[in-house]
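The values are calculated or read from the model by the stated rules, or taken from the named source; none is laboratory data. In this text the structure is predicted, and so the values were computed from the model without any measurement. Here the Cβ is made from the backbone with ideal geometry for all residues, glycine too, and neighbour counts use every protein chain on show.
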């Protein structure tokens, strides 16, 4: 599979009164064509910021993309001026985003038609009538009943799930090559989540798009993503195929995350093990591993040496850890 | 795809009954009696201003020195002033400068102020600092004093009063607009439209501006009242509409000299000012309720 998007050493910093926050601290990853990739991590680990940085949507000030490269279709997107025409040509047309909060991601004073048409008129050069036709088609596609009349409604006349369907329609409207969904189902109830994830998966398959699923919900990525990046404190700590990450985790943080999710196929009497401690304060971070204070497997080397880089533990599976955990250390039986 | 989304479908069917925007606007706007009263008063004002020559029983500047300071009678419903001019006719003609100044001065101020506020709120940093600090400087001078100074510098007359008030009324718009923009631009839908490739100009005009409107429209209608009152003050002070043209402010001022002999000379134009200002305030309130986007489509 060809690489669609390649991010190298992306760094995004925020100036705050307390000091410089390295929200994204040198992450590198890639997305293949027609691939669903999960980016997992707890709140504040930089997963959303890293995705916003790709399209240069970080509010500046206080945010600043301090370094790195984002290669897409042979160009480094970070070289483009943030609001210049080249960047705008990518946004919404080649790479589109779906946001977390369907309740606030739609403009309350514009009808659904106006909002769906906006990007299509801009990027596809459609006139109003054609854009409206396509808007209706898209709404039908994402399963909104009576699309012909609903298209002129305002966002508040839609429920949360319906709005997120509209957002998905908007994300698809210009046939993008990559859709970044930033916690697309977090604000919805569980049944709606399942329906919408299924919908997104169908749409991605149908339009041959790649999808980045940013989430803190391991269940979401387990089912739909082919590969997973686990982020902690602004860095990627482990990456691999979904199977590898779930069956053979190699970073203590990933192990901790998996231990605090109940499993239907395991021993139901087993207690869930929380990760002790709190996520680190990103201001004035020490150079060594950010997970160190919470890590049950730490060794002396972790304290002495700076944060280890991602190293391959097997094919297509990397972890940033000095402790080379093995399945037997974690009590995992070879399957 | 569409199958199996039981919950979403259920919610959809429970959505409030849909009401077209215009119908709802009219229902809410016209629903309150006091707002209707305001509309009627403003309607009468506009009607009077347009058809003044047909409505007024006498020409407004026709003097009659044999019939000065006459009390109300069937010939002169509101009596005559110290030069024997018919008070009713002068009030009818006086609606013209009031309305014109109210509408135009507020339009000028709102346009300039909102542009400033939009730029300051959207771009922030230096642009915001320069614009908002100069607005603060203008605001530190009481509005009426500023208008008096400008009008005195330029000389009286309709055009100069318009300029004076147009400038003096700018700061509240810039401030309100700026604070509105700061709130609105935090919204996810602004990031979403940026992520969709919209230009800064489009984000400002299509996404931010309409979401800032409701409080600004309220401010505008209320400011029309203020502008009319300020014009009256300027005319009262003798630097507004030039005599002998009729203006309510100058009528109050002239009548004031004969307050004890013919109180109606001051009271009648005073009541006219009060009614009109009150009417604009009430309509402003009604508009605020009717334009609230969060209530749109329901009720």
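Couple of notes before you dig in:
- The listed residues are B:89, B:73, and the only one of them that is on the phi < 0 side of the Ramachandran plot and surrounded by fewer than 21 Cβ atoms within 10 Å (Cβ to Cβ) turns out to be B:73.
- The range A:317-335, residues that are modelled with pLDDT under 85 and within 25 Å of the chain's Cα centre (by Cα): none
Here's the yes/no breakdown for (1) under 20 Å from the mean Cα position of the chain (by Cα); (2) farther than 30 Å from residue B:30 by Cα; (3) crowded, with 19+ Cβ neighbours inside 10 Å; (4) at pLDDT 80 or above:
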residue: B:237; (1), (2), (3), (4): no, yes, no, yes
residue: B:241; (1), (2), (3), (4): yes, yes, yes, no
residue: B:269; (1), (2), (3), (4): yes, no, yes, yes
residue: B:273; (1), (2), (3), (4): yes, no, yes, yes
residue: B:277; (1), (2), (3), (4): yes, no, yes, yes
residue: B:284; (1), (2), (3), (4): yes, no, yes, yes
residue: B:289; (1), (2), (3), (4): yes, no, no, no
residue: B:296; (1), (2), (3), (4): no, no, yes, no
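- Filtered residues of the range A:86-98 (kept if facing another protein chain (nearest Cβ under 8 Å), free of Cβ contacts under 8 Å to residues at least 40 places away in the same chain and surrounded by fewer than 21 Cβ atoms within 10 Å (Cβ to Cβ)): A:89
- Residue list for the range A:79-94, restricted to those being farther than 16 Å from residue A:120 by Cβ and modelled with pLDDT of 85 or more: A:79, A:80, A:81, A:85, A:86, A:87
- Condition check for residue A:228: within 14 Å of chain B (Cβ to nearest Cβ), under 22 Å from residue A:28 (Cβ atoms), at pLDDT 85 or above and crowded, with 21+ Cβ neighbours inside 10 Å: no
- Residue within the range A:125-136 that is within 8 Å of chain B (Cβ to nearest Cβ), under 26 Å from residue A:196 (Cβ atoms), out of contact with any strand residue (DSSP E or B) (no Cβ under 7 Å at 6 or more places or on another chain) and modelled with pLDDT of 85 or more present: no
- Residue within the range A:144-167 that is in contact with a strand residue (DSSP E or B) (Cβ under 8 Å, 6 or more places away or on another chain) and within 24 Å of residue B:211 (Cβ to Cβ) present: yes
- Complete set of residues in the range A:160-188 that are closer than 27 Å to residue A:6 by Cβ, at the interface with another protein chain (Cβ under 10 Å from one of its Cβ atoms) and in contact with a helix residue (DSSP H, G or I) (Cβ under 8 Å, 6 or more places away or on another chain): A:167, A:170, A:173, A:174, A:180, A:182
- Restricting the range A:99-117 to residues that are in contact with a helix residue (DSSP H, G or I) (Cβ under 7 Å, 6 or more places away or on another chain) and without any contact (Cβ under 8 Å) to a residue 24 or more places away in the chain, the residue that is farthest from the other protein chains (Cβ to nearest Cβ) is A:117.
- Selected residue (only one of A:272, A:258, A:278, A:264 is part of a loop (DSSP other than H, G, I, E, B), out of contact with any strand residue (DSSP E or B) (no Cβ under 9 Å at 6 or more places or on another chain) and within 17 Å of residue A:45 (Cβ to Cβ)): A:278
- Residues being touching a residue at least 60 places away in the same chain (Cβ under 8 Å) and surrounded by fewer than 19 Cβ atoms within 10 Å (Cβ to Cβ) - total across the range B:180-191: 1
- Residues that are assigned to a helix (DSSP H, G or I), touching a residue at least 24 places away in the same chain (Cβ under 8 Å) and under 26 Å from residue B:22 (Cα atoms) within the range A:127-161 comprise A:135, A:139, A:150, A:155, A:156, A:160, listed in sequence order.
- Meets criteria (buried (at least 22 other Cβ atoms within 10 Å of the Cβ), away from chain A (no Cβ under 14 Å) and either part of a helix (DSSP H, G or I) or without any contact (Cβ under 8 Å) to a residue 40 or more places away in the chain (or both)) for residue B:218: no
- Test for residue B:121: is it within 21 Å of residue B:220 (Cα to Cα), within 14 Å of another protein chain (Cβ to nearest Cβ) and either touching a residue at least 12 places away in the same chain (Cβ under 8 Å) or surrounded by fewer than 17 Cβ atoms within 10 Å (Cβ to Cβ) (or both): yes
- Positions within the range A:189-213 being more than 9 Å from every other protein chain (Cβ to nearest Cβ) and either more than 20 Å from residue B:191 (Cα to Cα) or surrounded by fewer than 21 Cβ atoms within 10 Å (Cβ to Cβ) (or both), in sequence order: A:190, A:193, A:197, A:200, A:201, A:204, A:205, A:206, A:207, A:208, A:209, A:210
- From the options A:77, A:57, residue that is free of Cβ contacts under 8 Å to residues at least 60 places away in the same chain, within 28 Å of residue A:242 (Cβ to Cβ), buried (at least 19 other Cβ atoms within 10 Å of the Cβ) and at the interface with chain B (Cβ under 10 Å from one of its Cβ atoms): A:57
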